Amino acid sequence: MDDTPAERFLEDGFVRIEGAFPPRVAEDCARLLWRETGYDPEDPGTWKDPVVRVGGMAQGPFAAAANTPALHEAFDLLVGAGRWNPRYSLGTFPLRFPHERDPGDTGWHIEGSYLPDGGQWYFTNLRSRDRALLMLFLFSEVTEDDAPTRIRVGSHLDVPALLEPYGEAGVSGLEIAPRLVEATAHRPLAHATGRPGDVYLCHPFLVHAAQPHRGSRPRFMAQPPLHPAVPYELERSDGDYSVVESAIRRGLAAGPH
Ligand SMILES: O=C(O)CCC(=O)C(=O)O
């Protein structure tokens, strides 16, 4: 089997870029994130909730984390040169703390990426409007014990057939979730473990889920989208498909599970 990153991404729906940004930058980001929580890193007694969600962070270390040569090269490889927009901030940080209480947000899902007119819930569609990739940036050491994100390996190939009937208008992540759960239950499980500075680049349709933190070390991670510069196309007369587009086409050709 061809084991290039592109082929791995096509089959599994994700690749881990080890050391995508320097650990020193991860440390600086983590320090800024602790400040947002209002918790004391040295005093678990102050960690009062199982998950703290921090919105967008645009300080220098976050822009640095998102713009390394290794990441830009990988974006070119997976999305296509000139087809993605660099981002100078990172957003949606689910910071997870060891806790007795269930966080209540551990269901399997794919991310929505746009709000339809007057809508309340985020939608996605077959061309993954407004989302070129899902990315997981690690800012802390994440082992099996540190509530790594759960991933259904290869699940991105099951999703296109489910989205196809909704056409360009798309469907909310919430509405389609029960069908996703069922259609991808046969997929093997992986965990997004790694070191500070590692980044998982995921197909926008990769089915994933959080889990309660039963360990001891808080897990700091961001899960921002990479935004497209141009929409994905599933019919190209020149055949110049990106890896993400090829995966959607492969999923469609395979049909429903
Ligand atoms: O915290 C995690 O591991 C994943 C969170 C997630 O998928 C989400 O909030 O949409």
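The values are calculated or read from the model by the stated rules, or taken from the named source; none is laboratory data. From a predicted model like this one, the values you see are computed outputs, not experimental measurements. With ideal geometry, Cβ positions are generated from the backbone for all residues, glycine too; neighbour counts draw on all protein chains shown.
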| said: Within the stretch 187-220, take every residue that is hydroxyl-bearing (Ser, Thr, Tyr) and part of a loop (DSSP other than H, G, I, E, B) and give me the one that is nearest to residue 161 (Cα to Cα). | reply: 193
| Across the stretch 119-151, which residue is nearest to residue 23 (Cα to Cα) among those that are touching a strand residue (DSSP E or B) at 6+ places or on another chain (Cβ under 7 Å) and free of Cβ contacts under 8 Å to residues at least 60 places away in the same chain? | 144
| note | When the stretch 197-232 is checked residue by residue, the ones that are within 21 Å of residue 32 (Cα to Cα), more than 16 Å from the chain's Cα centre (by Cα) and crowded, with 22+ Cβ neighbours inside 10 Å are 218
| query | Can you tell which of 153, 79 is touching a Ser or Thr at 6+ places or on another chain (Cβ under 7 Å), more than 14 Å from the ligand (Cβ to nearest atom), among the aliphatic types (A, V, I, L, M) and on the phi < 0 side of the Ramachandran plot? | reply | 79
| request: Please work out if residue 32 is at negative phi and outside any strand (DSSP E or B). | output: yes
| message | I'd like to know if the stretch 52-70 contains one or more residues that are of a type outside the set (A, V, I, L, M), more than 14 Å from residue 137 (Cα to Cα) and assigned to a helix (DSSP H, G or I). | response | yes
| Within the stretch 120-150, considering residues that are among the aliphatic types (A, V, I, L, M) and either under 27 Å from residue 102 (Cβ atoms) or within 16 Å of the ligand (Cβ to nearest atom) (or both), the one surrounded by the most Cβ atoms within 10 Å (Cβ to Cβ) | 147
| task | Kindly establish whether residue 8 is surrounded by 15 or more Cβ atoms within 10 Å (Cβ to Cβ), out of contact with any helix residue (DSSP H, G or I) (no Cβ under 7 Å at 6 or more places or on another chain) and free of Cβ contacts under 8 Å to residues at least 24 places away in the same chain. | result | yes
| request: Please name all residue pairs, on different chains or six or more residues apart, with Cβ atoms under 6 Å, provided the first residue is in the stretch 52-65 and is among the polar types (S, T, N, Q) and the second residue is outside any strand (DSSP E or B). | output: 59/32
| query | Can you find even one residue in the stretch 241-250 that is under 23 Å from residue 127 (Cβ atoms), within 13 Å of the ligand (Cβ to nearest atom), touching a residue at least 12 places away in the same chain (Cβ under 8 Å) and assigned to a loop (DSSP other than H, G, I, E, B)? | reply | no
| Which residues, taken from the stretch 58-108, are farther than 15 Å from residue 222 by Cα and of a type in the set (Phe, Trp, Tyr)? | 75, 84, 108
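Going by what's in this entry, would residue 149 be described as hydroxyl-bearing (Ser, Thr, Tyr) and closer than 22 Å to residue 56 by Cα?
For residue 149, the condition - hydroxyl-bearing (Ser, Thr, Tyr) and closer than 22 Å to residue 56 by Cα - is met.
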| note | Expected output for the stretch 182-204 (first residue without any contact (Cβ under 8 Å) to a residue 40 or more places away in the chain, partner away from the ligand (no atom under 16 Å from the Cβ) and of a type outside the set (D, E, K, R), Cβ below 6 Å, 6+ apart or cross-chain) is 187/154
| said: Looking at (1) loosely packed, with under 14 Cβ neighbours inside 10 Å; (2) touching a strand residue (DSSP E or B) at 6+ places or on another chain (Cβ under 8 Å); (3) under 19 Å from residue 135 (Cα atoms), which one does residue 115 not meet, given that it meets all the others? | reply: (3)
| field | Count of the stretch 221-236 residues which are in a loop (DSSP other than H, G, I, E, B) and more than 10 Å from the ligand (Cβ to nearest atom) | value | 9
| message | Quick check on residue 71: is it within 16 Å of the ligand (Cβ to nearest atom), crowded, with 19+ Cβ neighbours inside 10 Å and either over 30 Å from residue 44 (Cα atoms) or modelled with pLDDT of 95 or more (or both)? | response | no
